[in-house]
Amino acid sequence: MRKLAMVWMVLCLVLSAGTVLAEPLRIGALFSITGPAAFLGEPEKNTLEMLVKEINAKGGVKGQPVEAVIYDTTGDPTKAVQLATKLIKDDKVVAIIGPSTTGETMAVKPITEKEQIPLISCAAGIKITDPVNPWTFKTPANDHIAGEKILNYAVGKGQKKFALLTVSDGFGSSGREQLKGLLAKKGLELVADETFGPKDTDMTAQLTKIRAAGPDAIICWGTNPGPAVVTRNVKQLGIKIPLYMSHGVASKKYIELATPEAAEGVMLPAGKLTVFDKIKESDPQARLLKEYDAAYRKTFGVEASTFGGYAYDALQLIVAAVQKNGASSDQIRSGLEQTSKVVGVSGVFTMSAGDHNGLDLSAFEMVRITAGDWAIIQ
Amino acid sequence: MRRELIKFALFAAVVLTVPAVVKGGYLLNVLVFVGINTMLAVALNLLLGFAGQISLGQAAFYGLGAYLSGILTATHGWNPWLALFAAAAAVGLLAFAIGFPILKLKGHYLAMATLGFGIIVYIVFNEYVDVTGGPSGFPGIPGLQIGDLRFDSDLKSYYLIWTTALLIMLLAVNLTRSRIGRALRAIHDSEVAARVLGVNARLLKVQVFACSAVISCIAGSLYAHTVTFISPSTFGFHFSVELLTMVIIGGLGSIYGSCLGAALLTLLPEFLRTFQDYDIVVYGLLLIVMTMFMPGGLVQGAATVWRLALRLLPAKGRGDA
């Protein structure tokens with residue numbers, strides 16, 4: 001009899017608890033946590049888990065706890081498609097964050113569009129939001145913004161002839177296309193257009209050709225380790241013209257790989273997280289960046305990375321949309337489009353029906369590498 | 001032959017009733033990809049399991065199918081079916097052309113040559129940006145359609161893919177039971193002996209290589225029209241090795257084994273997701289254990305386990321009494 005009473009009590013407790021706790025806000029996430037793009041997926045996953053905990057500790061979104069369903073795509077587009085279906089059909093999420101790479105995002109996009117689930121990609125490729133689809137958004141700034149930042153600075157210094165040296169992967173080919181377009185638009189001259197493979201260990205051949213073409217500056221577009229090799233080769237060949245890098249190498253790892261001596265004087269557009277301890281106090285992002293980096297260091301023991309920031313921003317944007325509009329997929333979608341001055345890690349977001357990225361030139365700072373550290377160019 | 005047909009009919013019946021049990025959702029979507037991988041594994045098994053010729057470049061034929069279909073339909077506005085057959089014909093011819101010099105090689109050298117071919121094709125997908133879209137992929141491929149029936153849901157795709165896969169399996173079973181199949185197995189055991197018996201080994205090897213390429217190419221076209229987006233990373237060297245694993249785990253020379261191997265390697269990671277961060281370790285361990293204790297593949301292994309169980313069970317019964 002006593003046993004029965006106990007069971008009754010437990011049942012009552014469970015049922016009452018069920019009515020007190022609101023239905024969670026289920027958000028799906030697809031990151032390439034393992035595989036070749038793990039350097040993107042790992043910080044994204046860590047950041048998302050950390051942020052969800054933080055939001056729930058503060059009482060959730062409008063009283064609703066947040067639940068993140070995170071899957072590992074291993075960087076494989078086919079797997080990303082399967083897992084997106086799983087998130088939508090089995091887990092019934094209201095929105096999806098990710099995937100980490102452009103290829104995976106392009107593979108998942110047709111599904112989320114058909115099922116009408118907002119997708120906020122953490123990949124940079126411009127194809128994701130251009131042309132704009134009502135259901136697809138992204139948090140990393142477009143490559144052409146970084147390119148424009150470089151060219152604006154270079155033009156200010158009177159440089160007119162440029163050489164491109166880009167890596168033959170998604171990031172490099174997208175950057176190459178954007179830069180060529182920008183150069184033409186600004187009436188600047190492209191005198192050499194060279195590429196290198198992601199795993200190449202020597203770029204002197206390309207650089208010798210570039211030197212022969214006589215440019216005013218070299219723009220190199222890639223992610224580690226290629227650009228580090230380029231930097232060392234430039235030094236070895238004694239090429240004296242300015243070398244610009246992309247935002248893809250805006251981490252201390254690059255300076256380490258290239259050696260501080262060779263990297264001295266290299267200029268690049270960097271997201272503000274890279275130089276968060278050097279930007280002005282008055283910068284709208286200053287406080288958020290400091291807090292994010294401190295929290296990340298405390299939880300995971302390493303410095304926060306720009307990539308984790310993409311996931312951070314995606315969740316913040318969803319939360320802002322829910323607070324403004326409501327928690328259904330349709331309300332989140334229209335809420336995202338109305339995003340106005342939401343401060344994030346990658347920049348300050350202001351979206352519209354025609355702009356599903358919402359970042360502008362202020363997302364980057366031009367920095368110069370000086371004595372193995374970043375220095376903001378005023 | 002009749003027994004073989006009954007076996008196939010039973011298998012087909014099971015495959016076609018699966019959607020009724022699964023009832024949509026995510027699993028059905030994964031099963032569509034199991035169907036595609038089955039075609040690819042069967043294609044490789046014809047070559048490796050029967051004729052004994054290794055290929056590490058299967059992903060290239062798969063990718064060529066996908067890219068040719070994608071480019072012909074999305075860029076040039078062809079009818080998807082026409083594109084599928086055109087791609088299959090083109091890839092068949094290509095395989096025939098490279099088959100003659102490549103299949104003169106044996107063992108490790110053949111593996112190297114096919115590996116090289118696979119890598120060349122991968123580089124073309126990656127670098128010929130103006131046509132293939134390069135590393136960031138090729139979007140906007142239209143779906144397949146017969147009359148007014150559009151294959152735009154998982155259920156419809158399931159039937160499309162599996163009908164094709166079953167047809168290919170039936171063809172493969174037929175082929176292996178024919179005179180040609182026996183000739184292929186003869187080549188597998190000893191090419192010299194086969195030639196002495198009057199088998200045109202050289203031509204036959206090239207033919208089965210081309211046949212395997214065409215099947216892979218069709219699978220690629222179907223993949224492109226089902227997913228509607230393709231990128232080079234799907235068709236890399238890694239995938240060729242995965243296919244090889246499917247065939248070996250399933251059992252060399254067993255068509256149903258290939259299907260089982262494809263199903264296992266595609267579904268296993270999904271079920272292992274419960275292990276969270278350790279899923280890859282468990283996956284690797286399972287593969288090692290399977291190859292160690294079932295060297296003949298899953299189908300043979302299952303038969304051995306069954307016989308063992310039969311022998312052990314009565315013994316246990318006696319013990320209890």
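Just a few scattered comments:
- Positions within the range B:13-29 being within 9 Å of chain A (Cβ to nearest Cβ) and assigned to a helix (DSSP H, G or I), in sequence order: B:GLY25, B:TYR26, B:LEU27, B:LEU28, B:ASN29
- When we screen A:ALA146, A:ALA163, A:ALA123 for residues that are closer than 24 Å to A:PHE364 by Cα, among the aliphatic types (A, V, I, L, M), assigned to a loop (DSSP other than H, G, I, E, B) and in contact with a helix residue (DSSP H, G or I) (Cβ under 6 Å, 6 or more places away or on another chain), the only hit is A:ALA123.
- Within the range A:41-72, considering residues that are within 13 Å of chain B (Cβ to nearest Cβ) and among the β-branched types (Val, Ile, Thr), the one surrounded by the most Cβ atoms within 10 Å (Cβ to Cβ): A:ILE70
- Residue list for the range B:119-172, filter: aromatic (Phe, Trp, Tyr) and in contact with a strand residue (DSSP E or B) (Cβ under 9 Å, 6 or more places away or on another chain): B:PHE125, B:PHE138, B:PHE151
Residues are listed down the side, and each one gets a yes or a no for (1) at the interface with chain B (Cβ under 10 Å from one of its Cβ atoms); (2) assigned to a helix (DSSP H, G or I); (3) of a type outside the set (Lys, Arg):
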{"site": "A:THR74", "(1), (2), (3)": "yes, no, yes"}
{"site": "A:LYS86", "(1), (2), (3)": "yes, yes, no"}
{"site": "A:LYS114", "(1), (2), (3)": "yes, yes, no"}
{"site": "A:GLN159", "(1), (2), (3)": "no, no, yes"}
{"site": "A:GLY181", "(1), (2), (3)": "no, yes, yes"}
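- Unique match (being modelled with pLDDT under 80 and assigned to a helix (DSSP H, G or I)) among B:GLN300, B:GLN276: B:GLN276
- Qualifying positions in the range B:133-167 - more than 9 Å from chain A (Cβ to nearest Cβ) and in a loop (DSSP other than H, G, I, E, B): B:ILE141, B:PRO142, B:GLY143, B:LEU144, B:GLY147, B:ASP148, B:PHE151, B:SER153
- Residue, modelled with the lowest pLDDT, within the range A:30-72, restricted to residues that are part of a strand (DSSP E or B) and in contact with a Ser or Thr (Cβ under 8 Å, 6 or more places away or on another chain): A:ASP72
- The residues of the range B:281-297 that are assigned to a helix (DSSP H, G or I), of a type outside the set (Val, Ile, Thr) and surrounded by 10 or more Cβ atoms within 10 Å (Cβ to Cβ), listed by number, are B:TYR283, B:GLY284, B:LEU285, B:LEU286, B:LEU287, B:MET290, B:PHE293.
- A:SER168 being over 23 Å from A:ALA270 (Cβ atoms), among the polar types (S, T, N, Q), crowded, with 16+ Cβ neighbours inside 10 Å and within 14 Å of chain B (Cβ to nearest Cβ): yes
- Criterion (of a type outside the set (Ser, Thr, Tyr), farther than 30 Å from B:GLY251 by Cα and in a loop (DSSP other than H, G, I, E, B)) met by exactly one of B:GLY52, B:GLY77: B:GLY77
- Residue among B:VAL214, B:VAL227, B:VAL196, B:VAL173 that alone is within 14 Å of chain A (Cβ to nearest Cβ) and of a type in the set (A, V, I, L, M, F, W, C): B:VAL227
- In the condition set (1) touching a Leu at 6+ places or on another chain (Cβ under 7 Å); (2) buried (at least 24 other Cβ atoms within 10 Å of the Cβ); (3) over 30 Å from A:GLU113 (Cα atoms), B:THR245 is compliant with all but (2).
The values are calculated or read from the model by the stated rules, or taken from the named source; none is laboratory data. Nothing here was measured: the structure is a model prediction, and the numbers come from that model. Backbone-built Cβ (ideal geometry, glycine too); neighbour counts: all protein chains shown.
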